[in-house]
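Enquirer: Can you read through this structure? Questions will come right after.
The values are calculated or read from the model by the stated rules, or taken from the named source; none is laboratory data. The structure displayed is predicted, hence computed values, not measured ones. With ideal geometry, Cβ positions are generated from the backbone for all residues, glycine too; neighbour counts draw on all protein chains shown. Note: accessible area is taken over every heavy atom of the protein model, side chains too, but ligands, DNA and RNA are not part of it. Shrake-Rupley method; radii C 1.70, N 1.55, O 1.52, S 1.80 Å.
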Amino acid sequence: AIDDLGPWLTGQDQFQDVSRGNPKPHQLSDQQRHDVGLTQETWSLEVVSDPEHPSRIRTPLKREDGSSIDFGALMELAKTHSVRFPKVMTCLNLGCPLGNGIWEGVPLRELVWRTQPTKDLRRIFYHGYHNNDAEQMFRSSLPVGRVLEDPFGLPPVILCYKLNGRWLTPERGGPVRMVVPEAYGFKSIKWLSHVFLSNLAHANDTYAEKNNDVDSDLKTFCATLSVPKKIRAGQPIPITGWAQSGISGLKKVQVWIQNQEHPYEGASHYVDAPWRDAEILPFPSHWRDIGWEDDLAKHLPEQTSGFVADRPIQWPLRLTQAHWATLHPGLPAGDYVLRCRTIDEQFHAQPMPRPFRKSGHAAIEERKLIVT
């Protein structure tokens, strides 16, 4: 079962896709993407003051006067400012990761400082290409402090152009997207085209619609990958899964198999159930086993955040995913429910400390198991 788990990194073509748009921008023809600025040759980014809540900036980067940043200019910045960090990409309302990767780009702050802001700058919001249809526009935002500084050792917010050593594909938001290390996927806007420096005092994210919490960071939680639906009485039960190490880190993964003839009557969230520790699997011993896609590379790029000499500084790495496994002792015949949960580094058991779905999915998964 462990051999079937696959690599730590997700190939670009293996990521789950939750893109918006009609048509979705990556589904445009090559010529259409060229014409609307979604190729490396035609892409450019405007960084300007918010017209409704203006910031004071001396040198806006605008297409109309040729001062916007094109891909070549971004690559010049990359020669001295590029950064790389691992991150799991997750949707706020889904119980599974979209994919885990090492993202490479230039910190957004490098372009912010090029505009020479002087005052009235409290928030930065941004959006990508949306078929020239205002109703399809998807916008996210960040407080300016998060863009200009990296609190608590977090990597910077980046203008991303590579994933796992290769140029971003159109499906992954190429040629350039935003990536926010600690945030859910809706903050990491694809097909980036506009950045606005604003004096607005609050978030103006499109994702605030439908009651979503747009200031929620990645939660720590887990789910199963392989569980037998039926197994013979007394036979050990192999179980594997993945875990997301969120902003609070990951200390343990635990499982509990409940006989359905004995209803649980304990504390909420099954806090006092007879949970058993599973094993968080170690980082692969050989770097090629992680799924790095650049065939020409002999090792991970130098200065990848969280790594020293191709090995993680700690394990599991925060803001990424890890695999886990356990061989549960055999059980008597009957109908059972399997549950799994995480314990974070603050000793909070999933779904705590934030059990609310609209601030990030963290419900305890349930899988039926029949023992014959």
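Enquirer: List the lysines whose alpha-carbon lies under 18 Å from that of Lys368, not counting same-chain residues fewer than 8 positions away?
Expert: By straight Cα distance, Lys368 reaches Lys229, Lys230.
Enquirer: If you don't mind, there's one more thing I want to ask. If each Cα of the chain is one equal point scatterer, what is log10 of I(q)/I(0) from the Debye formula at q = 0.07, 0.10 Å⁻¹?
Expert: Scattering profile of the chain, log10 relative to I(0): -0.35, -0.68.
Enquirer: Let me ask something else. Would the stretch 85-164 count as rounded, prolate or oblate if I go by the C-alpha gyration tensor, calling it rounded below 1.5 in a/c and otherwise prolate when a/b exceeds b/c, oblate otherwise?
Expert: Cα axes put the stretch 85-164 in the oblate bin.
Enquirer: May I pose another question? Quick one: grab the alpha carbon gyration tensor of the stretch 1-111, order the square roots of its eigenvalues as a ≥ b ≥ c, and give me rounded if a/c is under 1.5, else prolate or oblate depending on whether a/b is larger than b/c.
Expert: Taking the square roots of the gyration eigenvalues as a ≥ b ≥ c, the stretch 1-111 is prolate.
Enquirer: GNM, the chain, Cα, under 10 Å: largest mean-square fluctuation among Pro143, Pro301, Pro332?
Expert: Largest GNM mean-square fluctuation: Pro332.
Enquirer: Then there is this: Which of the lysines could a cross-linker bridge to Lys252, judged by Cα under 18 Å and excluding same-chain residues fewer than eight apart?
Expert: The reachable lysines, counting only those whose Cα sits under 18 Å from Lys252, are Lys219.
Enquirer: Where Lys and Arg each count +1 and Asp and Glu each count -1, what net charge lies around Leu28 among other residues with Cβ under 12 Å from its Cβ?
Expert: -1
Enquirer: Evaluate Rg over Rh across the stretch 119-232, taking Cα atoms for both radii and Kirkwood's formula for Rh.
Expert: In the stretch 119-232, Rg relative to Rh is 1.07.
Enquirer: How far is the Cα center of the stretch 30-100 from the Cα center of the stretch 228-304, in Å?
Expert: 35 Å
Enquirer: Given a cut-off of under 8 Å on Cα pairs at least six residues apart, what relative contact order in percent is computed for the stretch 66-106?
Expert: In percent, rounded to a whole number, it is 39.
Enquirer: If you roll a 1.4 Å probe over the heavy atoms of the protein chains, what accessible area per residue do you get for the chain, in Å²?
Expert: 47 Å²
Enquirer: Still on this structure, please answer the following. Can you give the angle from 0 to 90° between the axis of helix 71-81 and the longest principal axis of the chain, with both taken from C-alpha atoms, to the nearest 10?
Expert: Between helix and principal axis, roughly 70 degrees.
Enquirer: Which residues' amide hydrogens lie under 5 Å from the amide hydrogen of Leu197, considering only partners 5 or more residues apart or on another chain, with H built in the peptide plane?
Expert: Val48, Ser49, Asp50
Enquirer: A follow-up question, please. Could you give me the ³J(HN,Hα) list for the stretch 218-234, computed from phi with Karplus coefficients 6.51, -1.76, 1.60 and θ = phi - 60°, whole Hz, x at Gly and Pro?
Expert: Running phi through 6.51 cos²θ - 1.76 cosθ + 1.60 with θ = phi - 60° gives 4, 8, 8, 7, 9, 7, 8, 10, 9, 9, x, 6, 9, 7, 6, 4, x Hz.
Enquirer: With an 8 Å Cα cut-off and a minimum separation of 6 or more residues, compute the relative contact order for the chain in percent.
Expert: In percent, rounded to a whole number, it is 20.
Enquirer: Further question on the same structure: Taking all protein chains together and a probe of 1.4 Å, list Arg177, Arg354 from the most accessible to the least accessible.
Expert: Arg354, Arg177
Enquirer: Hey, what number do you get for the chain at 222 nm if only DSSP H runs of n ≥ 4 count, each worth -39500 (n - 2.57), divided across all residues, to the nearest 500?
Expert: Value at 222 nm, helices only, nearest 500: -2000 deg cm²/dmol.
Enquirer: Turning to a different aspect of this structure: Take His262, His194 and sort them by solvent-accessible surface of the protein heavy atoms, 1.4 Å probe, largest at the top.
Expert: Result, largest first: His262, His194.
Enquirer: While we're here: Which percent of the accessible heavy-atom area of the stretch 1-147 goes to carbon and sulfur, probe 1.4 angstrom?
Expert: Of all accessible area on the stretch 1-147, carbon and sulfur atoms account for 45 percent.
Enquirer: Shifting gears a bit: Rg over Rh of the stretch 48-93, using C-alpha atoms and the Kirkwood radius, what does it come to?
Expert: Computed over Cα atoms, the ratio is 1.13.
Enquirer: Right, next: Where Rh denotes the Kirkwood radius from the mean inverse Cα pair distance, what is Rg over Rh for the stretch 1-52?
Expert: 1.18
Enquirer: By its C-alpha gyration tensor, with a ≥ b ≥ c as the square roots of the eigenvalues, how is the stretch 160-293 shaped: rounded for a/c under 1.5, else prolate for a/b larger than b/c, else oblate?
Expert: Note, shape of the stretch 160-293 comes out oblate.
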